[in-house]
Amino acid sequence: MSNWFRRVKRGIETSTKEKKETPDGLWHQCTKCKKPITVKDLVKNSWVCPKCEYHEKIGSEQYFHILYDEDKHTLLFENINSADPLNFVDSKPYPDRIVDACKKTGLNDAVRVAVGKINGKKLVTACMDFKFIGGSMGSVVGEKIARAIDYAREHKYPLLIISKSGGARMMESSYSLMQMAKTSAKLALLSKDKIPYISLMTDPTTGGVTASFAMLGDFNIAEPESLIGFAGPRVIKETIGKDLPKGFQRAEFLLEKGFLDYIVNRKVLKQNISNLMSLVYDKKNKKKETEEV
């Protein structure tokens, strides 16, 4: 009897109690193609499925890991927390909802700001987290992005904002909507100082985020197949009473219509951002050399 046959026979004869379970967290099933992949390989591939190139939804921690040299970065403005200006209550009081979200995610709110080096060049990044109340934009999100812009202006560092949001946070009503004007005004000052701003839109980027800072980049780029728009496709379809074009509000559709500069695969995101920064740095250096001559 061959060794292979013995192993197969032994496996068949093993009782259910004796069989070992596969440890949790070793395997991941692709959201799109449903093919299995080890978590280790998925992380190595920047959380992109190697079979179908689907970009799994990730948060700020993963983006900082992908972008910054040796994963070294400093978090900024971590001491800002949401208030309850409207004493809002739906199925639960708003403060309780914030506390629950903080416990579940380990985050203070729906955006984190970091500064570090990408291929040796300093970059400020504000990255949204969808798992914190749907990445909704409230007063804290607006304030942290505003401070990130001020920090970039003060230190003359390029700014990258990674958007992933369901839109304005309804529990803060008009306070949330005011963040659209606040962040847009701050970005105008950044532009006036000639400091580059790169906007990366990921799946999904919708509502007031799309209608403000997400679409105001010097470079507007997106990950493949990202849903980007103001109102959702279903709402638009029901409003106009007509079928929407194939791929409506997906990144590829927006690129075709001229709303995006290009689409970038997450596997080359770091190098791509670094190349954009090099364009700016090289231009500044050439201008400085010309002035010196």
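Relative to the longest principal axis of the Cα atoms of the chain, the long axis of helix 3-13 lies at roughly 90 degrees.
For the chain, the longest principal axis of the Cα atoms and the long axis of helix 94-105 meet at an angle of about 50 degrees. Label points 7 Å out from Cα along the Cβ direction at VAL235 and ILE80: separation in nm? Those two pseudo-labels are separated by 2.5 nm. Is segment 144-293 rounded, prolate or oblate when judged by the Cα gyration tensor, a ≥ b ≥ c being the square roots of its eigenvalues, rounded requiring a/c under 1.5 and prolate requiring a/b larger than b/c? Oblate, since a/c reaches 1.5 and b/c is not below a/b. Relative to the dominant Cα principal axis of the chain, helix 139-155 is inclined by about 70°. Enter the Cα centre distance for the pair segment 78-99 and segment 125-174, rounded to the nearest angstrom. So the two Cα centres are separated by 17 Å. Across the chain, Cα pairs under 8 Å and at least six residues apart give a relative contact order of 13 percent.
Electrostatic bookkeeping for TYR68 treats Lys and Arg as +1 and Asp and Glu as -1; over the other residues with beta carbon under 14 Å from its beta carbon, the sum is +2.
Evaluate Rg over Rh across the chain, taking Cα atoms for both radii and Kirkwood's formula for Rh. That ratio is 1.06, to two decimals.
Read-outs: derived from the displayed coordinates by stated rules, not from any lab. Because the structure is predicted, anything quoted here is derived from the model rather than measured. Glycine gets a Cβ as well: all are built from the backbone with ideal geometry, and neighbour counts include every protein chain shown.
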